[in-house]
Amino acid sequence: MVNDSIRFSIVAPIYNEEGNIDELHRRIVEIMDQTHQTWELVAVNDGSRDRSLEKLQYLAQHDSRVKVVNFARNFGHQLAVTAGLQHTCGEAVIIIDADLQDPPELILEMIAKWNEGFQVVYAVRSERKGESWFKLFTAKLFYRVIYQITDVDIPLDTGDFRLMDRAVVDILNAMPEHNRFIRGMTSWIGYKQTGVYYVRDERKWGNTKYPLAKMVRFALDAIVGFSYFPLQIMIYVSFVLATIAVIAIPIISGLRLMMGERFFGGQATTIVLLLLLSSFQLFFLFVMGQYVARIFDEVRGRPLYIVASKIGFDTPKNTNQQ
Ligand code: UDP
Ligand code: MG
């Protein structure tokens with residue numbers, strides 16, 4: 001590692017956050033100085049189209065604790081966090097959103113828990129401010145569905161705002177999977193984990209970078225990555241359909257024989273049933289496709305992200321990392 005004496009690393013993914021960067025830096029400095037420990041801020045510029053990179057460059061020039069990993073394009077939040085984690089060297093690492101929805105002040109509480117011996121301290125949102133009912137509803141639903149159907153216990157209402165011990169970060173860094181759902185992967189790793197509660201603030205500046213399409217993709221990564229339930233429900237559906245068929249076929253045939261043309265004269269029933277059954281089949285083909293596509297991602301073995309440049313790191317590491 002570049003500098004072994006750093007105690008805390010903070011990772012912030014940045015996508016079009018020009019209006020938040022200065023305030024984020026200011027609040028992190030204020031909080032981290034209270035720890036009287038060495039720290040670094042690793043900001044990952046995830047292909048921003050605004051002046052985020054310039055702002056980060058400026059910060060890095062004036063504050064040697066700020067380091068910047070600059071992606072070649074937008075690779076998405078989870079990969080930005082991944083790259084950040086892989087570029088840290090602190091004994092504990094804190095992941096924080098750049099929009100100040102995650103209050104930096106909570107970091108002190110997390111550090112206290114870490115000092116008590118917990119390796120993962122995740123932040124649980126007891127309340128979310130300033131978000132649309134749609135976002136609140138889908139988020140609530142998402143966390144509950146994930147909780148029900150995944151094989152690892154992912155704590156409810158937690159995001160990526162968390163502190164992780166170096167041991168956990170090293171394991172995460174060694175997990176090569178492409179479709180990353182970091183909070184699930186952290187739960188899967190285990191160790192002593194605990195939560196601290198907070199009220200999630202409004203975004204300070206700008207709009208959410210998670211439009212519906214990205215949210216759906218994120219949810220699919222979480223579900224497919226941590227659960228076989230969607231593959232397994234096929235068997236229940238096929239049982240139900242088979243049972244209906246077994247009961248209905250003799251009844252319909254019997255009625256038809258007895259009543260002739262008067263019973264279900266046209267083709268309507270056939271068409272309706274055909275539509276219903278093929279929609280089931282297509283849906284489950286989609287489900288299978290989701291798993292197959294992810295298998296393809298893994299066997300193709302492409303790098304997770306491409307780094308275009310780095311600022312503030314002492315010795316340049318390999319530019320492109322897995
Ligand atoms: N983000 C990113 N790449 C993306 C989308 C988002 O690095 O493609 C960053 C964003 O800059 C922010 C964090 O991920 O720091 C969370 O995004 P956002 O606040 O938009 O999500 P929300 O809080 O609305 O769920
Ligand atoms: Mg946000």
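Just a few scattered comments:
- Check: segment 183-297 dipole with +1 on Lys, Arg Cβ and -1 on Asp, Glu Cβ, in debye: 440
- Computed from Cα positions, the angle between helix 52-62 and the longest principal axis of the chain comes to roughly 30 degrees.
- Dipole in debye (nearest 20) - the chain, about Cα centre, beta carbon charges: Lys, Arg +1; Asp, Glu -1: 980
- For the cross-link pairs Lys55/Lys135; Lys55/Lys192; Lys113/Lys214; Lys135/Lys310; Lys55/Lys113, the ones whose C-alpha atoms lie over 31 Å apart are Lys55/Lys192; Lys113/Lys214; Lys135/Lys310; Lys55/Lys113.
- Carbon + sulfur, % of accessible area of segment 109-202 - ligands and nucleic acids excluded, 1.4 Å: 55
- Max-minus-min Cα coordinates of the chain on each principal axis give 89, 37, 34 Å, with the largest extent listed first.
- Once the Cα atoms are used to define both axes, helix 268-300 deviates from the longest principal axis of the chain by about 30 degrees.
- Solvent-accessible area of Arg302 with every protein chain in place, 1.4 Å probe, in Å² to the nearest 10: 130
- With the simple model of a label 7 Å out from the Cα in the direction of the Cβ, Tyr147 to Leu212 spans 2.6 nm.
- Note on the chain: antiparallel DSSP beta bridges, both residues inside, total approximately 35 percent of the bridges counted.
- Counting only protein heavy atoms and using a 1.4 Å probe, the accessible area of Ser253 comes to about 60 Å².
- Dipole moment magnitude, nearest 20 debye, segment 121-161 about Cα centre, only Lys, Arg, Asp, Glu C-beta charged: 240
- Entry note, segment 102-203: relative contact order of 50 percent, from Cα contacts under 8 Å with a spacing of 6+ residues.
- Projecting the Cα atoms of Gly260, Val145, Pro303 onto the charge dipole of the chain (Cβ charges, centred on the Cα centre) puts Gly260 farthest toward the positive pole.
- Positive dipole terminus of the chain, leading residue within Leu241, Gly47, Gly206 (C-beta point charges): Leu241
- Once the Cα-Cα distance is subtracted from the 0.36 nm per residue extended length, the Ser253 to Ser132 segment shows a gain of 38.2 nm.
- Each Cα pair under 8 Å and six or more residues apart adds its sequence gap; the mean of these over the residue count of segment 152-310 is a relative contact order of 29 percent.
- For the chain, the longest principal axis of the Cα atoms and the long axis of helix 212-226 meet at an angle of about 80 degrees.
- With DNA, RNA and ligands ignored, accessible area of Lys192 (1.4 Å probe; Å², nearest 10): 110
- Per residue, the average separation of C-alpha pairs within less than 8 Å and at least 6 apart gives the chain a relative contact order of 22 percent.
- Overall size of segment 55-153 from C-alpha positions, given as principal axis extents largest first: 45, 38, 28 Å.
- One quarter of the convex hull surface built on the alpha carbon atoms of segment 1-115 amounts to 6.6 nm², the projected area averaged over directions.
The values are calculated or read from the model by the stated rules, or taken from the named source; none is laboratory data. These numbers were taken from a predicted model, which means no experiment stands behind them. Cβ atoms come from the backbone with ideal geometry, glycine included; neighbour counts cover every protein chain shown. The area values use the complete protein model at the heavy-atom level, side chains included, leaving out ligands, DNA and RNA. Shrake-Rupley method; radii C 1.70, N 1.55, O 1.52, S 1.80 Å.
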